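Everything on this sheet refers to the single structure shown next.
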Amino acid sequence: MKISSPAFADKGFIPIEYTQEGEDLSPPLVISDIPEAAKSLVLIVEDPDAPDPENPKLIFTHWIVYNLPSQPMELAAGQDISQIPGAKEGLNDRGTVGYIGPRPPIGTHRYFFKLYALNTELSFERPPQRKEILREMDGFIVGSAQIVGLYKLTA
């Protein structure tokens with residue numbers, strides 16, 4: 001299973017348009033080589049360096065997308081997830097649904113775009129938080145991949 005972005009290389013810097021300093025669009029992503037046993041995909045974007053990479057205290061969730069179709073696909077920059085049949089979004093750590101771009105308070109942070117293939121689909125009554133997604137995925141993961149982007153404030 002693979003996830004990549006035409007906007008940045010693995011461990012490369014995320015362009016400003018995909019951050020809060022820019023247009024705050026989700027970056028384009030390419031998903032391929034899905035395991036045959038997969039019935040859905042989950043994407044979690046998180047920053048483990050919050051608030052300070054020298055003294056991290058929490059993992060900040062920037063985006064959750066679940067029940068993506070288990071097929072190769074390209075998510076466009078600023079992709080409207082509601083246009084993908086069956087796909088839904090969870091809560092970011094601002095308590096809202098949708099993508100929040102990087103805006104680290106200090107230093108260079110790492111942003112992990114983690115992709116999971118599940119042999120099931122997930123069902124929630126309301127948009128789930130990261131801990132709820134992880135709990136429901138447990139035991140159903142048949143593949144995973146990730147790409148890491150870096151970002152440091154320009155100003």
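The values are calculated or read from the model by the stated rules, or taken from the named source; none is laboratory data. None of these values were measured; they are calculated from a predicted model. As a convention, Cβ positions derive from the backbone with ideal geometry for all residues, glycine included, and neighbour counts pool all protein chains shown. These accessible areas exclude ligands, DNA and RNA; they are computed on the full protein's heavy atoms, side chains included. Shrake-Rupley method; radii C 1.70, N 1.55, O 1.52, S 1.80 Å.
Worth pointing out:
- Inter-residue pairs, beta-carbon under 8 Å, first among the small types (G, A, S) and in region 1-15, second part of a loop (DSSP other than H, G, I, E, B), 6+ apart: S4/D10; S5/P27; S5/P28; A7/I14; A7/P15; A7/P27; A7/P28; A7/A77
- Each residue in region 77-88 was checked for being open to solvent by less than 50 Å² (accessible area, probe 1.4 Å) and not in a loop (DSSP other than H, G, I, E, B), and 1 pass.
- For region 64-75, a residue qualifies if it is open to solvent by 50 Å² or more (accessible area, probe 1.4 Å) and assigned to a loop (DSSP other than H, G, I, E, B), and the qualifying residues are Q71, P72.
- If the condition is being open to solvent by 20 Å² or more (accessible area, probe 1.4 Å) and within 16 Å of the chain's Cα centre (by Cα), then region 29-51 contributes V30, S32, P48.
- Residue in region 119-140 that is closer than 18 Å to E17 by Cα and either open to solvent by 70 Å² or more (accessible area, probe 1.4 Å) or of a type in the set (V, I, T) (or both) present: no
- Counting only strands (runs of 3 or more DSSP E) that fall entirely inside region 2-58 and contain at least 1 residues that are at pLDDT 95 or above and in contact with a Lys or Arg (Cβ under 6 Å, 6 or more places away or on another chain), the qualifying elements are 29-32, 40-50.
- Scanning region 103-115 for any residue that is part of a strand (DSSP E or B), open to solvent by 50 Å² or more (accessible area, probe 1.4 Å), polar (S, T, N, Q) and touching a residue at least 24 places away in the same chain (Cβ under 8 Å) turns up nothing.
- With respect to the stated conditions, L153 fails to be touching a strand residue (DSSP E or B) at 6+ places or on another chain (Cβ under 9 Å) and touching a residue at least 24 places away in the same chain (Cβ under 8 Å).
- On inspection, I59 passes the criterion of being more than 30 Å from E36 (Cβ to Cβ), touching an Asp or Glu at 6+ places or on another chain (Cβ under 7 Å) and in contact (Cβ under 8 Å) with a residue 60 or more places away in the chain.
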